[in-house]
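Below you'll find the structure, written out as structure tokens, and then a few comments.
The values are calculated or read from the model by the stated rules, or taken from the named source; none is laboratory data. Here the structure is a predicted model, which means the values were calculated and not measured. Heads up, the Cβs are rebuilt from the backbone with ideal geometry, glycines too, and the neighbour counts pull from every protein chain shown. Just the protein is used for accessible areas: all its heavy atoms, side chains included, with ligands, DNA and RNA removed. Shrake-Rupley method; radii C 1.70, N 1.55, O 1.52, S 1.80 Å.
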Amino acid sequence: MKRKQIYTGLWASLLLLAPAVTSATSTHATDIQTGQQSVATSQLSASQSTSSQVASNQLVETSRQSQGVASRSQVTEVPAKTAQTTNEQPAKSAAKAVLNRDYQGALKRGAQQLVASQDTEVWSALALISSGAQLTTVQKATFHQVFAEELTGMAGHYSATDLERLTIGIAAIGEDPTQFNGVNLIAEIIKKAATAGITGQVYGIIALSTQDYGSQANQTINQLIDLVLKQQNTAGGWAFFGSVSDLDITGMTMSALGMHRDQPKVQSALDRAVALLKTTGFVKTTGGFLIPGGFSTEENSNSTAMAILGLAAAGVNPATTFVGDKGATPITNLIAYQKADGQFRWMMGNDDGALSMSTEQAVYALGQYDYLLKGKGSIYNFKKVVPEPDPKPKPDPKPAPAPKPSIPGKKPAGESSASSSSEVDLDKQLPKQPINEADEVPLTGTTATQDALPQTGHQSVWGSVLAGLFILLGVASYQTRRLKQR
């Protein structure tokens, strides 16, 4: 009978203890489940973010491919919708088809023609490089040999323009003009450019600006800029001789000054030259340029190409700043000179003249236009950009004391379970203590979930169990003493 009363007391104590254990265990399970759901939600969000990024990248790539196709197929001004209704409006479509705006196609065909014709002029090298073509080792070696033979043929009797032209070609193929075939072309240009004519001064600025050649070269550039600015006429242009502006010389000069727009008075001089081309040089009916003078009294591809070169080098878009009748621009005008084989005529519809020279100038003028649209600067700039090394971090003269390790408490709802910058990673700051396998408590969920457990987690569960056992023993002892007293 006494033993039965003891067991009854024990069961009563267990019944009293059960709600507390169940509540604590339930809270523990709920917290773990909530943490797992939080981690799962984070993983799902990350997965969705990655999927969205992949989809976004695919969309961008598709858009780029579409733009590339559009660029290659944009030979005429006729949009797709108009092309579908060609039968309804044949006259209007035919008129628009004359304006070819595919400058990239014209640029590529012109460069291919120069390669096919085995043109080894300095200007051919410049045209190929500015078109985006990559010269082969054989092509570079061929250009090198031609330039070296030409320099040797001068037998020490160098003119400023010869030196400057060769310097441009040598820099274009990636070689050093300061030590080419035993001659320092830069030093010779510095000696001769200032006393040369307008072309020697203009191309002196260009040649000395192809690379960084030191302080003496920079001083010469400044000197040449001052000389060229003084020769600008009242109309805003430059002339080979006399006072009447010449389109070719004006375009060449603008291309040189365009490399130094940060210099005083250069931008204002360029603005005056642009105004001249707008008011006097631009032919609205064709989209080309013409200032009748000693060299030509008719429109030609060379003069239009030099005007385009100068405008684009000065940061002016010739296709939007100069728009003539029916949408004609200098770009559509220049492209109209191109033959089916990629060559550019000198005169419209006429195969007479130096077509190789016309092709070279047209290609590198379109190359400069392409550089403008892509923000690449001057086609004459062959300076190699060397990335600056990151500066070494300087040690803090007064390092902050190491923070004391602390165990983070319960995180507010919605706060990330990752440690903040002010918290200390205990795994890094304190040595790990050996763990007794018998005392280790298996937990479910991720590490992030465990870190986020509140005070009512597994520590409280086992604390409640121990407390219940003490209560159970106390009740049992009390019942035993009462029975003995009876």
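Observations
- For region 117-225, the per residue solvent-accessible surface stands at 42 Å², with DNA, RNA and ligands left out and a 1.4 Å probe.
- Between T285 and T152, the FRET efficiency estimated from the beta carbon spacing at R0 = 56 angstrom works out to 0.70.
- Placing a pseudo-label 7 Å from each Cα along the Cα-to-Cβ vector at Q219 and K191 gives an inter-label distance of 1.7 nm.
- Between N350 and R261, the modelled labels are 3.6 nm apart [label points 7 Å from Cα along Cα→Cβ].
- Shown in residue order for region 357-364 are the 3J(HN,Hα) couplings computed by the Karplus curve 6.51 cos²θ - 1.76 cosθ + 1.60 at θ = phi - 60°: 5, 4, 5, 4, 5, 5, 5, 6 Hz (x for Gly and Pro).
- Note on R272 and Q134: their simple-model spin labels are 4.6 nm apart, each label 7 Å out from Cα toward Cβ.
- The phi torsions of region 158-173, fed into the Karplus equation with coefficients 6.51, -1.76 and 1.60 and a -60° offset, translate into couplings of 8, 8, 4, 5, 5, 5, 5, 5, 5, 4, 4, x, 5, 5, 5, 8 Hz, rounded to whole numbers, with Gly and Pro shown as x.
- When each of the peptides 289-301, 329-341 is scored by the mean number of other C-beta atoms lying within 10 Å of its residues, the order from highest to lowest reads 329-341, 289-301.
- Extension gain from D325 to S117, taking 0.36 nm per residue of separation minus the Cα-Cα distance: 71.3 nm
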